[in-house]
Amino acid sequence: MSQKIVIIDYGMCNLGSVRRAFEECGASDAIVSSDFRDLASADKIILPGVGAFTKGMQNLKAGGWIEPLREAALDKKIPLLGICLGMQLLSDKGFEGGEIEGLGLISGEVRKLESKKNSTSKIKERIPHMGWNEVHHDQKSILFDDIQSGTDFYFVHSYYFLPKDNKSTIGQTPYCGKFSSVIGSENIFGVQFHPEKSQKPGFQLIRNFLRF
Amino acid sequence: MLKMRVIPTLLWKDLGLVKGIGFDSWRRVGTAMPSIKVYNTREVDELILVDITASAAKREPDYDAISDLAAECFVPLTFGGGVNSIEIIRNILKAGADKVAINSAAFERPELITEASDKFGAQCVVASIDVRKNSNGTYEAYRLSGTQPTGKEVVGWAKKLEELGAGEILLTSIERDGTMEGYDLDLIRAVTQAVQIPVIASGGVGNYEHMYQAIHAAGASAVAAASIFHFTEQTPLEAKKYLAEKGISVRNTSVRS
């Protein structure tokens with residue numbers, strides 16, 4: 001059975017590597033789409049993206065994605081994976097040059113990382129959080145099948161998702177204290193790191209999502 | 001804990017990979033594709049690919065080649081060389097690179113850093129600084145592959161680049177480049193103490209202890225290396241084992257106890 005994977009192209013870059021990673025993980029029918037009508041036939045939806053929250057929401061709005069995306073995820077329960085900025089956009093709101101409304105798919109806010117002054121780490125916590133860091137499992141999830149708690153994934157971001165409900169947090173990462181690096185609610189998931197750039201564990205997570 | 005990164009640098013001239021000494025005497029060291037495949041299977045933390053003649057030759061990057069290379073690269077890939085407009089950055093990212101390194105263009109038009117950062121996010125904007133030590137002991141930034149002095153003192157320039165919106169600094173000592181005598185620790189320390197963003201140490205590494213020093217003594221978040229991987233038996237994996245034994249946190253499933 002070939003699933004149709006729709007990777008949303010809303011002008012926030014670098015979708016080639018996302019598509020290639022999904023193909024590498026066995027998704028033979030993965031398309032990069034800039035037409036929201038493709039959501040109607042999607043078996044799985046990927047919302048990738050890097051960059052600024054405001055620009056991301058503006059682009060989603062300009063492309064007519066917002067309502068069809070909400071309908072697909074909330075009403076039709078099509079599995080959705082937000083990656084990096086795509087995860088942050090699942091929230092209710094972000095703060096970057098004022099308050100901006102998000103997609104409202106998982107309740108929470110997006111805030112800027114701030115290094116903790118009294119950190120026990122001898123090494124200065126620099127922002128952006130850039131490089132490989134651990135993801136510790138908070139809850140059992142299909143996304144973590146065959147992945148050990150504490151495995152490193154590749155991060156590059158300055159903002160993080162603060163869920164309203166602790167139950168939305170599936171995995172956490174120790175940086176600037178601790179933040180939710182994997183979130184989920186029913187069929188909707190978000191990962192702050194880049195599975196497509198995280199080699200073996202990243203590909204395992206993608207395969208797990210494909211099996212959901 | 002965030003892991004310290006070991007990053008092979010691939011310098012690209014015409015169609016082949018090269019490595020020089022002091023930004024000169026380039027030796028051919030193979031073609032890019034097999035190197036990327038090898039580094040990919042060896043699970044390096046990131047790769048930096050720099051087209052060293054693009055800016056001087058005033059030509060645009062070869063997007064098709066970047067796209068072919070990025071297709072085989074499942075770790076974060078930074079591309080530098082000839083990056084001097086938003087349009088070029090867009091095309092490089094579209095071709096599959098994750099970050100761009102901006103060097104010469106930042107002197108001509110510093111706002112490019114801000115525009116790129118606003119548009120694509122600070123995380124994909126690497127400000128690259130090539131440095132020479134002047135006879136009076138001050139550090140000066142050079143442009144066009146180290147051929148032209150800019151009059152900019154390095155620490156001030158690094159702070160300026162951070163302020164403009166760079167997400168990371170790639171700091172290369174031209175004198176140390178290719179010598180394998182060790183990174184310029186004073187230079188690295190001066191910059192890491194002045195900025196909040198991560199700094200990648202580059203230029204001069206000859207052994208794993210040099211990497212340890214750059215991280216432990218000089219505060220680098222990552223160490224870039226070329227010659228030692230091209231011309232010696234030393235490997236990124238062994239480098240990380242060494243660092244781990246010295247108590248530096250690195251990504252490496254095979255060395256985690």
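The values are calculated or read from the model by the stated rules, or taken from the named source; none is laboratory data. None of the values given here were measured: they were computed from a predicted structure. All Cβ positions, even for glycine, are placed from backbone atoms using ideal geometry, and neighbour counts span all protein chains on display. When the accessible area is computed, the model is the full protein with side chains, heavy atoms only, and any ligands, DNA or RNA have been set aside. Shrake-Rupley method; radii C 1.70, N 1.55, O 1.52, S 1.80 Å.
Data table
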read-out: Hey, B:THR114 within 14 Å of another protein chain (Cβ to nearest Cβ), open to solvent by 40 Å² or more (accessible area, probe 1.4 Å) and polar (S, T, N, Q) or not; value: yes
read-out: Subset of segment A:136-155 that is surrounded by 15 or more Cβ atoms within 10 Å (Cβ to Cβ) and closer than 18 Å to B:GLU43 by Cα - its residue that is farthest from the other protein chains (Cβ to nearest Cβ); value: A:ILE147
read-out: Candidate set from segment B:52-96 (those that are in contact with a Ser or Thr (Cβ under 7 Å, 6 or more places away or on another chain) and in contact (Cβ under 8 Å) with a residue 40 or more places away in the chain); member that is surrounded by the fewest Cβ atoms within 10 Å (Cβ to Cβ); value: B:ALA56
read-out: Selected residue (criterion: farthest from B:ALA106 (Cα to Cα)) from residues of segment B:169-193 that are open to solvent by less than 10 Å² (accessible area, probe 1.4 Å) and among the small types (Gly, Ala, Ser); value: B:GLY182
read-out: Subset of segment B:149-167 (residues that are open to solvent by less than 40 Å² (accessible area, probe 1.4 Å) and on the phi > 0 side of the Ramachandran plot); value: B:GLY165
read-out: Helices (runs of 4 or more DSSP H) lying entirely in segment B:135-232 (those with 3 or more residues that are modelled with pLDDT of 95 or more); value: B:154-164, B:185-194, B:208-216
read-out: Single residue of B:ALA158, B:ALA127, B:ALA122, B:ALA101 found to be of a type outside the set (Phe, Trp, Tyr), more than 10 Å from chain A (Cβ to nearest Cβ) and out of contact with any helix residue (DSSP H, G or I) (no Cβ under 6 Å at 6 or more places or on another chain); value: B:ALA101
read-out: A:ALA52 vs. criteria open to solvent by less than 40 Å² (accessible area, probe 1.4 Å), modelled with pLDDT of 95 or more and either within 14 Å of another protein chain (Cβ to nearest Cβ) or touching a Lys or Arg at 6+ places or on another chain (Cβ under 9 Å) (or both); value: no
read-out: Residue satisfying condition, being touching a residue at least 12 places away in the same chain (Cβ under 8 Å), surrounded by fewer than 23 Cβ atoms within 10 Å (Cβ to Cβ) and over 18 Å from the mean Cα position of the chain (by Cα), within set A:GLY11, A:GLY26; value: A:GLY26
read-out: Matching residues in segment A:75-93 - criterion: being under 18 Å from A:PHE36 (Cα atoms), in contact (Cβ under 8 Å) with a residue 40 or more places away in the chain, more than 14 Å from chain B (Cβ to nearest Cβ) and not in a strand (DSSP E or B); value: A:LYS77, A:ILE78, A:PRO79, A:LEU90
read-out: Hits in segment A:159-212 - residues which are under 14 Å from the mean Cα position of the chain (by Cα) and part of a loop (DSSP other than H, G, I, E, B); value: A:ASN187, A:GLN192, A:PHE193, A:HIS194, A:SER198
read-out: Total residues in segment A:14-23, condition in a helix (DSSP H, G or I) and open to solvent by less than 50 Å² (accessible area, probe 1.4 Å); value: 6
read-out: Residue that is among the acidic types (Asp, Glu) and under 16 Å from the mean Cα position of the chain (by Cα), where the choices are B:GLU238, B:GLU175, B:GLU233; value: B:GLU175
read-out: When residues of segment B:52-70 are limited to those that are away from chain A (no Cβ under 14 Å) and among the hydroxyl-bearing types (Ser, Thr, Tyr), the one farthest from B:ILE89 (Cα to Cα); value: B:THR53
read-out: Tally of residues being open to solvent by less than 60 Å² (accessible area, probe 1.4 Å) and either aliphatic (A, V, I, L, M) or within 14 Å of another protein chain (Cβ to nearest Cβ) (or both) across segment B:34-51; value: 11
